[in-house]
Amino acid sequence: MVEARGRAAAQQLPRGVSILGATGSIGASTLDVIARHPGQFRVVALTAHAKVAELAALCVQHRPQLAVIGDPGREAQLRTALRDAGLSTRTASGMPGLLEAAQSENAGVVVAAIVGAAGLLPTIAAARAGKRLLLANKEAVVCAGALLLEAVRSGGATLLPLDSEHNAIHQCLAGAGTHEGVRRLILTASGGPFRQWHDFSTVTPEQACAHPNWRMGRKISVDSATLMNKGLEVIEASWLFGFARAQIDVVVHPQSVVHSMVEFGDGSVLAQMGTPDMRTPIAYALGFPERIESGSDRLDFLRLSALTFEAPDLERFPCLGLAYRALETGPSASIVLNAANEVAVEAFLARRLPFAAIAAVISQTLDAISPAAPDSVDEVLETDALARRRAGQAIAQWTTSGVRG
Ligand code: NAD
Ligand code: MG
């Protein structure tokens, strides 16, 4: 039986992979794992938002059939760069190009690694097209959890989370049977670079992006520093695994060795551990249900000084509490939370908003609008746009008069 499965799998190899957001941190880790298994995977499509030279360099290395640049104004530049490199890679751009990469017939696997709500449409398209969907783009789940899960169901897709916490929970729940036997999910958080800080008035983008354990894109790095990342992950876990807020706990674990845990009714707690390296969850999801080599370092228990756990401080890190509030309020509040956070983080990174005002902008936006629950992706995008406008107004108040909400 094992042999028959092996033969069947061998006939389909190598599996085609599309990477949405290939020039990012998750994109790089995914390409690293794929390059370790040339017989098993081949790169079919790569996408990037605006970095033409970086995308072209990845094409030289990985030889996809399709290269997509999100900004349509840069497609000609991309075409020239690929031609100059002697490649016959086809180009596309804008949302039609991203959707083509997400739905490509030659890709059985789609890695959703665009940052922000910008990844929503291609992620849903990959689900509808029945792909094995390796999901890093947590903002898509936060904004449209129900619609995404419905697309996965109707498209016959397989969703495997790449976020290390959700990947850990997926591993811990394997073979768990029903939800009845689960007491709670325990998400671990590193606490970010400001875990022990009390005064955030002088925080710079460089300090916020200097994460102690993980190397990541700038937006998620700031989210880790405010603990909004953990808040988004609680909402993500609620959708992906079907648990209410009351059954999802967060503990701060500064060493980032335990990636998350599940506590069962019999008192057993299963944890997934490893060095902090996104290639581990990526390899798990690429190989599932087999285990494949990721290139990550071994966890050396003899050199671990301690594994510690503490409660998150919601007073110093109000963004986590705002995410709890949004999850309890309903799906449209999560869209508002996410949109306001994206706009506020962008303003902070552009030095237009102080770090400590990120939570205030989100809170003001949540107070200002409460749209109805969305029935369609279009309605999600409408609420997202409305919340962005409202958050923009809150930021303008900050920058013109320094009004503190
Ligand atoms: P990143 O900023 O390094 O990369 C983002 C990618 O998305 C880039 O390729 C960029 O070109 C593309 N992109 C950005 N805006 C776009 C747009 N408007 N249209 C099309 N493409 C666009 O980010 P990252 O750290 O790789 O994170 C990607 C996603 O994975 C995020 O949702 C993040 O929360 C999630 N995630 C990341 C990590 C990590 O360790 N980096 C861990 C867990 C989850
Ligand atoms: Mg995570």
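Bear in mind these aren't lab numbers, they're just calculated from the coordinates by the rules spelled out. Predicted model only: the values in this text are computed from it and were never measured. Neighbour counts run over all protein chains shown; Cβ positions are idealised from the backbone, glycine included.
When peptides 52-58, 340-346 are sorted by average Cβ neighbour count within 10 Å, with the highest value leading, the order is 340-346, 52-58.
When the Cα positions of T123, A146, P354 are compared along the charge dipole of the chain, T123 comes out farthest toward the positive end, with charges on each C-beta of Lys, Arg, Asp and Glu. Under a Gaussian network description of the chain, with springs only between Cα atoms under 10 Å, the residue in S260, S88, S164 that fluctuates furthest is S88. Number of Lys-Lys pairs in the chain with C-alpha atoms under 18 Å apart and a separation of 8 or more places or on different chains: 4. For L270 and I292, a Förster radius of 30 Å and the Cβ-Cβ distance give a FRET efficiency of 0.90, rounded to the nearest 0.05.
Measuring nothing but how far apart in sequence close Cα pairs (under 8 Å, 6+ apart) lie, relative to its length, the range 196-276 scores a relative contact order of 18 percent. Helices assigned as whole DSSP H runs in the chain whose Cα atoms extend at least 18 Å along their own long axis and whose mean Kyte-Doolittle hydropathy is -1.0 or higher are found at 138-155, 228-241, 331-349, 377-401. This model, with +1 at the C-beta of Lys and Arg and -1 at the C-beta of Asp and Glu, gives the range 346-397 a dipole about its Cα centre of some 460 debye.
Do you know the relative contact order of the range 155-243, to the nearest whole percent, from alpha carbon pairs under 8 angstrom that are 6+ apart?
Relative contact order of the range 155-243: 24 percent.
Give me the percent relative contact order of the chain, please, defined on Cα pairs under 8 angstrom at least 6 residues apart. Working shown, then result.
Working: 751 pairs, mean separation 54.7, N = 405.
Worked out over the chain, it gives 13 percent.
Between E328 and A35, what is the FRET efficiency for a Förster distance of 56 Å, r being their Cβ-Cβ separation, to the nearest 0.05? Please report the intermediate quantities before stating the final value.
Working: r = 43 Å, r/R0 = 0.77.
E between E328 and A35, to the nearest 0.05, is 0.80.
Using the beta-carbon distance between D84 and H179 and R0 = 45 Å, what value does 1/(1 + (r/R0)^6) give for FRET efficiency, to the nearest 0.05? Intermediate values should be presented prior to the final figure.
Numbers: r = 55 Å, r/R0 = 1.22.
Once rounded, the FRET efficiency stands at 0.25.
Here the range 160-272 is assigned +1 on the Cβ of each Lys and Arg and -1 on the Cβ of each Asp and Glu. Its dipole about the Cα centre then comes out at about 180 debye.
The ranking of I124, I248 from fewest to most other beta carbons within 10 Å of each one's beta carbon is I248, I124.
When its C-alpha radius of gyration is set against 2.2 N^0.38 Å (N residues), the range 207-330 gives a value of 1.14.
By the gyration tensor of its Cα atoms, with a ≥ b ≥ c the square roots of the eigenvalues, what is the shape of the range 51-177: rounded for a/c under 1.5, prolate for a/b over b/c, or oblate? Since a/c reaches 1.5 and a/b is larger than b/c, the shape of the range 51-177 is classed as prolate.
Please report, to one decimal in angstroms, the Kirkwood hydrodynamic radius of the range 14-92 built from all distinct Cα-Cα pairs.
On the way: mean 1/r = 0.0816 Å⁻¹.
Evaluated over the range 14-92, this radius sits at 12.3 Å.
Among K230, K138, K51, a tally of other beta-carbon atoms within 10 Å of each Cβ gives an order, fewest to most, of K51, K230, K138.
Of the residues D378, D384, the one with the fewest other Cβ atoms within 10 Å heads the list, and the complete ranking is D378, D384.
When averaged across all projection directions, what area in nm² does the alpha-carbon convex hull of the chain cover? Show your work: numbers first, answer last.
Values: hull surface 83.6 nm².
Quarter of the Cα hull surface area: 20.9 nm².
Once you charge only the Cβ atoms, +1 for Lys and Arg and -1 for Asp and Glu, what is the size of the charge dipole of the chain about its Cα centre, to the nearest 20 debye?
Values: 36 positive and 38 negative charges, 182 e Å.
That gives a dipole near 880 debye.
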